[in-house]
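As structure tokens, the structure follows; a few thoughts come after it.
The values are calculated or read from the model by the stated rules, or taken from the named source; none is laboratory data. Note that the coordinates shown come from a computational prediction; the quantities given were computed from them, not determined experimentally. Methodologically, a virtual Cβ is constructed for each residue, glycine included, from the backbone with ideal geometry; neighbour enumeration extends over all protein chains shown. The protein model used for the area step is the full one, side chains on, heavy atoms only, and it has no ligands, DNA or RNA in it. Shrake-Rupley method; radii C 1.70, N 1.55, O 1.52, S 1.80 Å.
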Amino acid sequence: MIREGDKVLLIDRRGKRYLVTVSEREFHTDLGILKLGELIGKEYGETIVSHRNEEFRVLKPDINDIIAKMKRGPQIVHPKDAGIILAYAGISPGDTVIEAGVGSGALTIFLANAVGPNGRVISYERREDFARIAQKNIELAGFSDRVTIKLKNIYEGIDEEYADHIVLDLPQPENVLPHAVEVLRPGGYFVAYTPCMNQVHRFFQAFQEYREHFYKPRVVEVLVREQEVKKECMRPKTTMLAHTGYITFIRKL
């Protein structure tokens, strides 16, 4: 049952989505006014009708809905890249993940969802304005219980004594390698997301000094090409989500 204070996703007949918090108030759309209090006691999958007799389907939002509607500051890590980070690093419920370069908090939310209520995500961010945006988005997603944002430059050191994984969205991830050697558990992953090829090259040059501590590196790039499916034919869409960044994985020995 939907309760007061729950977040719900409303979808109109055009497919437009609205993320709202249920309360005794009115919500105005171009298809009419909705009385959100009518949602209380309904089940997900039911509908609510505006004063113009327009129906809106009511769904329980997932993290992709939250990220699509959250406030943006800096560029986010896209779901295609976040998904491969979670899969290749094997990030699991109960893990402790140290993250740096929190930005708007999109990757933080994916990580928090993966580690679950018994896990922890400790996010380092040196810019206070980014940290404020990320904190609000994490609260919107409902993950404040498992995420801590630290206003600190991770290049200067890691406070924690232990981490299952370290995930970085920083221009110079090689600066974190000496700290990772001390903190990262055996078998844990060091993941670096970098948009430019020269950053990957610079990281590999620095990595040679720490090679004995890690299993061989793996670098991937994720491209997504959707298909256009019609009754008469199927073909690739003329646009695609191509290069966003290179993702480097190294595993602690």
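Of the residues V181, A163, I40, the one whose Cα sits farthest toward the positive end of the charge dipole of the chain, with +1 on the Cβ of Lys and Arg and -1 on the Cβ of Asp and Glu, is I40.
Scattering from the stretch 1-134 was approximated by placing one identical point on each alpha carbon and applying the Debye formula without solvent; log10 I(q)/I(0) at 0.19, 0.21 1/Å stands at -1.04, -1.13.
Bridgeable lysines around K216 (alpha carbons under 21 Å apart, same-chain partners fewer than 8 residues away excluded): K252. Where both residues lie in the chain, what percent of DSSP beta bridges are antiparallel, nearest 5? Of those bridges, close to 60 percent are antiparallel. Counting only protein heavy atoms and using a 1.4 Å probe, the accessible area of V176 comes to about 0 Å². Largest accessible area first, the residues E99, E54 order themselves as E54, E99 under a 1.4 Å probe with ligands, DNA and RNA left out. Helices in the chain, meaning DSSP H runs of at least 4 residues, each add -39500 (n - 2.57). Divided by all residues, the mean residue ellipticity at 222 nm is -7000 deg cm²/dmol. Bridges between two residues of the stretch 129-248, per DSSP, are antiparallel at a rate of about 65%.
Remark: the stretch 112-171 carries a charge dipole of roughly 200 debye about the Cα centre, counting +1 on each Lys and Arg Cβ and -1 on each Asp and Glu Cβ. Dipole check for the chain: with +1 at the C-beta of Lys and Arg, -1 at the C-beta of Asp and Glu, and the Cα centre as origin, the magnitude is about 740 Debye.
Kirkwood radius, the stretch 173-253, all distinct C-alpha pairs, inverse of mean reciprocal distance: 14.7 Å. Couplings for the stretch 237-253, taken from phi via the Karplus curve 6.51 cos²θ - 1.76 cosθ + 1.60 with θ = phi - 60°, read 5, 6, 10, 9, 8, 9, 5, 10, x, 9, 10, 9, 10, 10, 10, 6, 8 Hz in order; Gly and Pro are left as x. Projecting the Cα atoms of N153, G83, T21 onto the dipole axis of the chain, where Lys and Arg carry +1 and Asp and Glu carry -1 at the beta carbon, places G83 farthest toward the positive end.
Sorted largest first by accessible area at a 1.4 angstrom probe radius, with every protein chain in place, the residues E160, E24 fall in the order E24, E160.
Restricting attention to the stretch 70-164, the count of lysine pairs at 8 or more positions apart or across chains with alpha carbons under 20 Å apart stands at 5. In this structure, the amide hydrogen of S23, modeled 1.01 Å from its nitrogen in the peptide plane, lies closer than 5 angstrom to those of G5, G37, counting only residues at least 5 positions away or on a different chain. Go ahead and set up a Gaussian network model of the chain, Cα springs under 10 Å, then flag whichever of V49, V102, V167 fluctuates most. Its mean-square fluctuation being the largest, the pick is V49. Altogether, the Stokes-Einstein calculation at 37 °C and 0.692 mPa s, with the Kirkwood radius of the stretch 56-135 over Cα pairs as Rh, returns a diffusion coefficient of 248 µm²/s. Label-to-label distance, V220 versus K80, with points set 7 angstrom from Cα along the beta-carbon direction: 1.3 nm.
Relative intensity of the chain on a log10 scale, I(q)/I(0) at q = 0.08, 0.09, 0.12 Å⁻¹, equals -0.39, -0.49, -0.79, per a Debye sum over C-alpha point scatterers of equal strength in the absence of solvent. Between K60 and A87, the contour length at 0.36 nm per residue exceeds the alpha carbon distance by 7.3 nm. Measure nothing fancy, just the Cα-based angle from helix 128-141's long axis to the longest principal axis of the chain, in degrees from 0 to 90, nearest 10. The two axes meet at around 50 degrees. For the stretch 77-144, averaging the sequence separation of C-alpha pairs within contact (under 8 Å, six or more residues apart) and dividing by the residue count gives a relative contact order of 35 percent.
Here the 3J(HN,Hα) profile of the stretch 88-98, calculated from phi with Karplus coefficients 6.51, -1.76 and 1.60 at θ = phi - 60°, is 6, 8, x, 5, 9, x, x, 6, 10, 10, 9 Hz, Gly and Pro shown as x.
Accessible area per residue was computed with a 1.4 Å probe on protein heavy atoms; K60 scores about 140 Å².
Sorted largest first by accessible area at a 1.4 angstrom probe radius, with every protein chain in place, the residues E228, E125 fall in the order E228, E125.
Within the assembled protein chains, the solvent-accessible surface assigned to F214 is about 10 Å², based on a 1.4 Å probe.
What FRET efficiency comes out for V181 versus M240 if R0 is 45 angstrom and r is the Cβ-Cβ distance? Round to the nearest 0.05. Using R0 = 45 Å, I get an efficiency of 0.75. Under a model in which nothing but the beta-carbon of Lys, Arg (+1) and Asp, Glu (-1) is charged, the stretch 89-218 shows a dipole of about 300 debye around its Cα centre.
Remark: the R13-V49 segment gains 11.8 nm on full extension, using 0.36 nm per residue and subtracting the alpha carbon distance. To the nearest ten degrees, helix 106-115 and the longest principal axis of the Cα atoms of the chain are 80 degrees apart. Based on Cα contacts under 8 Å between residues 6+ apart, the chain shows a relative contact order of 13 percent.
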